[in-house]
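Asks: Take this structure, written in structure tokens, and hold onto it; I'll ask about it next.
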Amino acid sequence: MRPTFMAAVFAMAAALPVCASANGEVNLYSYRQGFLIEPILAEFTKQTGINVNLVFAKKGIVEKIKAAGANNPADAVLTVDIGRLDALAQAGLLQPVTSPALNIIPSAYRHEDGLWYGLTTRARVVYAHKDRVPEGAINNVADLADAKWRGKLCTRSGKHVYNVGLIASVIAHHGEAEAEQWLRGVKANLARKPQGNDRAQAKGIYEGVCDIAIANHYYMGKMATNEKKPEQQEWAKVIRVTFLDQDGVGQHVNLSGAGVIKGAKNKDNAVRLIEFLASPEAQHMYATNNFEYPVRPGIKTDPYIESFGSFKADSLPLSAIAKHRKEASKLVDKLKFNEGADG
Ligand SMILES: [Fe+2]
């Protein structure tokens with residue numbers, strides 16, 4: 001956020017009687033969990049006087065918005081992966097936004113016409129058992145298909161948006177034929193049928209079900225600091241995080257991000273919200289509360305996450321990867337990936 005804008009907002013806030021909706025409202029559909037986003041939204045309301053009406057979205061948001069047509073009440077949407085942003089953009093449900101404050105976001109992490117903006121990146125890395133897997137034994141996405149990992153790999157459903165994103169990136173870089181061959185190899189290496197969430201794969205490594213797993217980096221932070229479920233701290237302790245393709249195309253990352261819905265009744269407030277989410281303050285909250293990588297340059301990552309070291313991210317724009325989501329999903333079905341190695 002620009003300093004002049006911030007100064008104006010503070011001046012306004014000071015001049016107005018305390019009333020959360022003094023400057024109107026913004027209706028937000030969120031795929032993000034409440035514990036993460038609510039403190040950030042509260043700060044936005046405090047600073048701007050704009051009330052945020054939050055609706056948690058699970059599945060079918062595209063259909064919901066389409067069905068509502070002109071009566072759609074949502075102004076903006078917040079997602080945890082590029083797939084849903086891309087699906088909304090493809091369905092023509094987002095409107096272009098231009099804002100000098102949002103140009104700070106690297107171009108690979110925002111839509112070329114401003115239909116969506118990435119807010120954090122999340123690396124889909126390899127978790128490997130610290131003792132059973134020697135350092136340097138796995139380096140690239142391609143290695144996941146290497147026969148030396150037969151019966152040693154765990155992952156969640158191939159149809160989950162995170163894995164669809166990863167497979168789409170392989171298609172984007174190597175084409176569909178090569179990607180199919182690769183995914184066949186990955187399937188052959190599965191220790192069990194794809195199941196559970198990313199943390200369940202960490203548990204699989206801890207329990208000796210598998211040696212390596214595909215998972216998002218930030219779950220390591222969530223597990224390592226989990227006081228409600230301290231057993232997860234033990235899972236994290238046996239795991240080494242490996243960033244992939246460091247000598248090649250770079251580590252595949254996914255994005256959490258936001259867009260403004262076409263016909264939004266509170267467009268200006270929706271833009272101000274996204275600007276706030278990209279501000280140093282909100283970006284810092286993302287890094288510390290959820291262990292994600294801020295898209296805004298110069299914001300520090302959480303120290304535990306920083307201990308994994310720095311990495312080179314895939315520079316291919318996320319929109320170019322998202323284009324291949326459908327093919328990726330079809331490939332998962334075609335190979336019966338979710339039936340496991342023997343399926
Ligand atoms: Fe996640």
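The values are calculated or read from the model by the stated rules, or taken from the named source; none is laboratory data. No experiment lies behind these values; they were computed from the predicted model shown. Neighbour counts are summed over all protein chains in view; Cβ atoms, including those assigned to glycine, are modelled from backbone coordinates with ideal geometry. For accessibility, only protein heavy atoms count, side chains too; no ligands or nucleic acids. Shrake-Rupley method; radii C 1.70, N 1.55, O 1.52, S 1.80 Å.
Quick grid of which residues meet (1) closer than 25 Å to residue 122 by Cα; (2) at pLDDT below 90:
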{"site": "44", "(1), (2)": "yes, no"}
{"site": "51", "(1), (2)": "no, no"}
{"site": "59", "(1), (2)": "yes, yes"}
{"site": "77", "(1), (2)": "yes, no"}
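Asks: Pairs, please: C-beta under 7 Å, at least 6 apart or cross-chain, first residue free of Cβ contacts under 8 Å to residues at least 60 places away in the same chain and in the stretch 221-248, second assigned to a loop (DSSP other than H, G, I, E, B) and surrounded by 13 or more Cβ atoms within 10 Å (Cβ to Cβ)?
Replies: Close Cβ pairs satisfying both conditions: 232/226; 233/226.
Asks: Oh, and also: Any residue that is of a type in the set (A, V, I, L, M, F, W, C), touching a helix residue (DSSP H, G or I) at 6+ places or on another chain (Cβ under 8 Å), open to solvent by 10 Å² or more (accessible area, probe 1.4 Å) and within 24 Å of residue 82 (Cα to Cα) - is there at least one of those in the stretch 120-138?
Replies: Checking the stretch 120-138: not a single residue is of a type in the set (A, V, I, L, M, F, W, C), touching a helix residue (DSSP H, G or I) at 6+ places or on another chain (Cβ under 8 Å), open to solvent by 10 Å² or more (accessible area, probe 1.4 Å) and within 24 Å of residue 82 (Cα to Cα).
Asks: Determine whether the stretch 175-189 contains at least one residue that is among the hydrophobic types (A, V, I, L, M, F, W, C), under 20 Å from the mean Cα position of the chain (by Cα) and away from the ligand (no atom under 16 Å from the Cβ).
Replies: Here is the first cut: in the stretch 175-189, the residues among the hydrophobic types (A, V, I, L, M, F, W, C) are 177, 179, 182-183, 186, 188.
Now restrict to residues that are under 20 Å from the mean Cα position of the chain (by Cα): none.
No, because not a single residue in the stretch 175-189 is among the hydrophobic types (A, V, I, L, M, F, W, C), under 20 Å from the mean Cα position of the chain (by Cα) and away from the ligand (no atom under 16 Å from the Cβ).
Asks: Can you find a residue that is open to solvent by 50 Å² or more (accessible area, probe 1.4 Å), modelled with pLDDT of 95 or more and away from the ligand (no atom under 16 Å from the Cβ) anywhere in the stretch 212-224?
Replies: No; the residues of the stretch 212-224 include none that is open to solvent by 50 Å² or more (accessible area, probe 1.4 Å), modelled with pLDDT of 95 or more and away from the ligand (no atom under 16 Å from the Cβ).
Asks: Looking only at residues that are over 26 Å from residue 242 (Cα atoms) and part of a loop (DSSP other than H, G, I, E, B) in the stretch 323-343, which one is least open to solvent (accessible area, probe 1.4 Å)?
Replies: 335
Asks: Among the residues of the stretch 225-255, what is the count of those that are open to solvent by 10 Å² or more (accessible area, probe 1.4 Å) and in a helix (DSSP H, G or I)?
Replies: 6
Asks: So, one more: Of the residues 258, 270, 320, only one is of a type in the set (A, V, I, L, M), within 26 Å of residue 61 (Cα to Cα) and surrounded by fewer than 19 Cβ atoms within 10 Å (Cβ to Cβ); which? Can you show your working first?
Replies: Details: 258 fails: surrounded by fewer than 19 Cβ atoms within 10 Å (Cβ to Cβ); 270 fails: surrounded by fewer than 19 Cβ atoms within 10 Å (Cβ to Cβ).
Answer to the selection: 320.
Asks: While we're on this one: Out of (1) in the same structural domain as residue 316 (by TED's automatic domain parsing); (2) away from the ligand (no atom under 16 Å from the Cβ); (3) in contact with a helix residue (DSSP H, G or I) (Cβ under 9 Å, 6 or more places away or on another chain); (4) part of a loop (DSSP other than H, G, I, E, B), what's the single condition that is false for residue 264?
Replies: The one condition residue 264 does not meet is (1).
Asks: Does the stretch 48-83 hold any residues that are of a type outside the set (Lys, Arg), outside any helix (DSSP H, G or I) and surrounded by fewer than 18 Cβ atoms within 10 Å (Cβ to Cβ), and which are they?
Replies: 53, 54, 55, 56, 60, 73
Asks: Within the stretch 213-238, which residues are β-branched (Val, Ile, Thr) and touching a helix residue (DSSP H, G or I) at 6+ places or on another chain (Cβ under 6 Å)?
Replies: Once the filter is applied, which keeps residues that are β-branched (Val, Ile, Thr) and touching a helix residue (DSSP H, G or I) at 6+ places or on another chain (Cβ under 6 Å), the stretch 213-238 yields only 238.
Asks: Give me the residue from the stretch 84-108 that is modelled with pLDDT under 95, more than 16 Å from the ligand (Cβ to nearest atom) and not in a loop (DSSP other than H, G, I, E, B) and, out of that set, most open to solvent (accessible area, probe 1.4 Å).
Replies: Looking at residues that are modelled with pLDDT under 95, more than 16 Å from the ligand (Cβ to nearest atom) and not in a loop (DSSP other than H, G, I, E, B), I get 90.
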